[in-house]
Amino acid sequence: MHASTRLLVVEDDASIGEPLVEALGREGFPVTWVTTGADALAAPGPFDLVLLDLGLPDLDGSEVCRRLRSASSVPIIVLTARDDEVERVLLLEMGADDYVLKPFGFRELVARIRAVRRRSTPQAPSPGAPPVEPEGLVVDRRSRRVRLAGAEVDLTPKEFDLLALLADEPGRAFSREQILHEVWDEHWWGPTKTLDVHVSSLRKKLGPDPWISTLRGVGYRLDPPTAGALTVIGEP
Ligand code: CA
């Protein structure tokens, strides 16, 4: 079942990398293993998911994360020993989709890989999908795809989750706490700047129309610029 999940493992410590790559291989994942940030950025993909150690010998892992993210929407799970709230916020701001604290159990890691993949993998559309492409912004929950005026919008898993949540009820104010709770994991408690970073990135991808309104001291609201400009397909 993992045949389609091609993993890039970025880990310089052989005592972690070797058994990890071996175990992932036994689990059926096609794995490419590199030990430096430079090799990670140069690795010939495509990959479906990146497991990224933060303490690398050449580039800082956070820099690798930022650069990977600026080049593609590939899901990134960070492997980190740094267990503090600020660091986690930074990771998510840099575009990581999840993180696993070292030392981690292999089963836990595989569960995280599956969860991140589930959130980022388009599912086959069900029969009876509308044959005519609606105008404006289309948020398709079934395939986890977003189209704007017929063109695919490339969103990270978290950006999609955020947009899909706001699109549940256009015109409704969602509080920051509510969004963080729904879109980020329940174990997520920390400063909330990561939310603003994702909103800002989402706004850029949604073109010149002001789709997302900031409600000072409250949160955010999705405001379609015209009636009928938003189509949501699939159940929440
Ligand atoms: Ca390391």
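The values are calculated or read from the model by the stated rules, or taken from the named source; none is laboratory data. Owing to the predicted nature of the structure, the values given are computational and were not obtained by experimental measurement. We place every Cβ from the backbone using ideal geometry, glycine too, and count neighbours over all the protein chains shown. Calculation scope for accessible area: heavy atoms of the full protein, side chains included, ligands and nucleic acids excluded. Shrake-Rupley method; radii C 1.70, N 1.55, O 1.52, S 1.80 Å.
Of all residues in the range 28-62, count the ones that are surrounded by fewer than 15 Cβ atoms within 10 Å (Cβ to Cβ) and of a type in the set (Asp, Glu).
Total satisfying the criteria: 2.
Give me the residue from the range 189-233 that is touching an Asp or Glu at 6+ places or on another chain (Cβ under 7 Å) and of a type in the set (Ser, Thr, Tyr) and, out of that set, least open to solvent (accessible area, probe 1.4 Å).
In this case the residue turns out to be Thr194.
For the range 139-236, which fully contained helices (runs of 4 or more DSSP H) count at least 3 residues that are without any contact (Cβ under 8 Å) to a residue 24 or more places away in the chain?
In the range 139-236, 176-183, 193-205 are the helices (runs of 4 or more DSSP H) which contain 3 or more residues that are without any contact (Cβ under 8 Å) to a residue 24 or more places away in the chain.
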